[in-house]
Every structure is written in structure tokens, then in C-alpha cells.
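The structure appears right after this line, and notes come after that.
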Amino acid sequence: MGKSLKICAFVAAMSAPAVTLADDFNATVAAGHPAVFRWVKMIDEAFAPGIATALEGSGHSMTLDGQYGGAIAKVGEELETVEAGLAEIGICQSLFDPAKLAVQNVTYYTPFVSDDPRLVSELMDDLHGSDPRMTEAYTQNGVVYLGGPVGIDDYLLMTTFPVESLADLDGKKIAAPGPAINWLSGTGAVGVSGNLTTYYNELKAGVYDGVIVFASAALPGKLYEVAPNITRAGLGAQYAGALCANADWYDDLPQEVQAALNAGADAAKEWYLSALEGAVETSFKVMGENGATITDASDEMRAAWAAGMDNAAKSWAEGLDATGVPGTEVLALYMNAMRDAGATPLRDWDKE
């Protein structure tokens, strides 16, 4: 090799990203919620061990530094924190970042589709892996979708009064999170925007007459003490986010390490869903033992509830279409995939 070629080779080697030359990689992981939440617990309990297992024999290793509970990112700020490179990995929470992860909220605009969080989570994970329309938002925001979907168990109604029909909701103040407030349209209830952190005290004070919530959060929040009437109406399991990585950092990793991150996310998905399913069963058992009255809405009540709703999904999708985001296409993609998977929606939100 001539002198000039040697110099070029040396310069190229020195200018190559350092991450590709190392065997041990370090990554900061951001989560706005504290580690008591299942979707944060899965990082240490399953994601990190899953990465380690996948890297065995590769000559590489990875160390994760969990920064949780708002240490470097508040809830809903995780994507921006990862995009900026302040963390290499984070929980990109679409429910709390709807402007940047719009199509990821499709499940929250399509109630009464499926009450099975495993079905919803695995299907959304599969769609992210197979359809670029689902990952376009990540690419545009400088992050990479890893997996580990955050599934939410079936939403239900918890009230201070018994509910036997939709007529019982007339005039009642019911709190709901984010887009779920749309689920109250047509019921006669007065929808109020709310969240888990304030539900207990506001129910106790009479600010609300009830809330739309999920069992695995209702138990630790002790909502059964202030809203002991639980009505399971099959409002639906949901998808609320997933693990993501900084795109520049991820692209500079060796392929074996990239694959290990995805394998770790798959391990986190299984750990999370198994833990969630166990928590749901336990939640109903314990709440019942502590005085809650748990009833299943009749088929007639569920049908009337679904039929009376505004089609917020159509409005949401068309609104995204107008901004160049394929809302209508993603709505049809999700609904078709759910029907193909065996779900029987009470309304075909995409076909109306």
C-alpha cells in the first residue's frame, strides 16, 4: 500500500463511529413513569436479560442505565429525549405523545373491538414489523421501533352507583383518559378528562361519579374503595407505546447487537403480557374480596353503547389524512388485521 493510501486508511479508521469498535456497549434508558409500573419493570426484568442472552458468544455485551420516574424525561417526553440523544433507548408512549405518534393511537379510537390485551399487543407489534406506515412516525422523529409493546388490559367502568343499563349513566360525570373520553358519546354521561393520579381523590370528593379505567391499575389505585361498582363492558384492550432507540446510535451498532435489542424487546413483550394477564386475574379477585360488585354488561347494553357512539375513528383518520398522515389506511389496516385474527368488533369503524 502506498503512503497516501495508508494515510487514507488511517483517517477512515479514526473517523469511524467509536461504537462500532467497542465490544461493550452502554445505553441509557428513559422512562417518565417510575419503576413500579409494569412497562418500566419489564426493562430490568426482561429487556436487559433478553439482550444479554442474545449476545452470548458474540463477543459483545451491553450495559443499560435505567433513568426512570422523570429523571431525564417526563411522561410523554421520552421520544424527544431519545431523539435528542440524551438517552439511547426509551419507552415511546404514543398515548401521551399523540402529535408525533398519531397512528399508534388507532386502538384508542376503535373501542369494542377486542378485550384481549395479548391479541391487541401482538398484532400491533406485528404490524410495526411488517408495514412501513406503522413505523414512518418513528423514522421521521429520529428513532427506531424496537418492540416490547405496552398493552393495556380491557377498559371497564367503575362507578359510585350501580349500572344496569345505559340509562343509569344519564347526567353522570364520568372521567376518562385521552381519546377514551369519546367512548362516552351517546351514553348521556358527561365526559371529563382525567387520569389515574387523581381518580381516587376526585371520586372520593364527588367530583366524578365514575371513571373509565382498567383492572390492573384499579387495584393498586384502590379505586374499588370509592367506586365499588365495576361494570365490564368490553370497551377494549389497548396499545399505548413501545421501546424505541435513537436511530443514529442504533444504525452504528453491529448487526448482532441490533438483533439482540430486538430479541430483548421480544423477551420484554412476553414477560409483560404474562405479568399483565396474571395481574388482571388477581385484580378482579382482590377487588371482589374487598367489597366491589363486579358485573358484566348485557349484550343489549353493549350493543346500544357501541351503536350510540360517534364514529370518532373516522373523524380522527380523516383529520390525519388532511395532514398527509395515512390515517384512513391505518384504520383499515388495523381493523382488517383484527377481524382476520378472529376479533368480532361491535362496529366496523373503518367501513362506515
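The values are calculated or read from the model by the stated rules, or taken from the named source; none is laboratory data. Only a predicted model underlies this, so the values are computations on that prediction, with no experimental measurement involved. Cβ sites come from the backbone with ideal geometry, for glycine too, and all protein chains shown count toward neighbours. Keep in mind that these areas ignore ligands, DNA and RNA; they rest on the heavy atoms of the full protein, side chains included. Shrake-Rupley method; radii C 1.70, N 1.55, O 1.52, S 1.80 Å.
In segment 269-292, the residues that are of a type in the set (S, T, N, Q) and modelled with pLDDT of 95 or more form Cβ pairs under 8 Å with partners that are part of a helix (DSSP H, G or I) and open to solvent by less than 30 Å² (accessible area, probe 1.4 Å), at six or more places apart or across chains, as follows: Ser283/Ala215; Ser283/Ser216; Ser283/Ala218; Asn290/Tyr224. Criterion first (closer than 24 Å to Leu119 by Cα, among the polar types (S, T, N, Q) and in contact with a Phe, Trp or Tyr (Cβ under 8 Å, 6 or more places away or on another chain)) does Asn262 satisfy it? In short, no. One residue stands out among those in segment 154-198 that are surrounded by 16 or more Cβ atoms within 10 Å (Cβ to Cβ), free of Cβ contacts under 8 Å to residues at least 24 places away in the same chain and not in a helix (DSSP H, G or I): the one that is farthest from the chain's Cα centre (by Cα), which is Ala189. Residue by residue through segment 317-352, note down the ones that are in contact with a Ser or Thr (Cβ under 9 Å, 6 or more places away or on another chain) and surrounded by 16 or more Cβ atoms within 10 Å (Cβ to Cβ). Correct list: Ala317, Leu320, Leu331, Tyr334, Met335, Met338, Ala343, Pro345, Arg347, Trp349, Asp350. Of all residues in segment 43-61, those that are closer than 14 Å to Glu270 by Cα and open to solvent by 50 Å² or more (accessible area, probe 1.4 Å) have Cβ atoms under 9 Å from Cβ atoms of residues that are of a type in the set (Ser, Thr, Tyr) and not in a loop (DSSP other than H, G, I, E, B), 6 or more apart or on another chain, in Glu45/Tyr272. Kindly establish whether Gln255 is of a type outside the set (Gly, Ala, Ser), touching an Asp or Glu at 6+ places or on another chain (Cβ under 9 Å) and either open to solvent by less than 10 Å² (accessible area, probe 1.4 Å) or closer than 30 Å to Leu86 by Cα (or both). For Gln255, the condition - of a type outside the set (Gly, Ala, Ser), touching an Asp or Glu at 6+ places or on another chain (Cβ under 9 Å) and either open to solvent by less than 10 Å² (accessible area, probe 1.4 Å) or closer than 30 Å to Leu86 by Cα (or both) - is not met.
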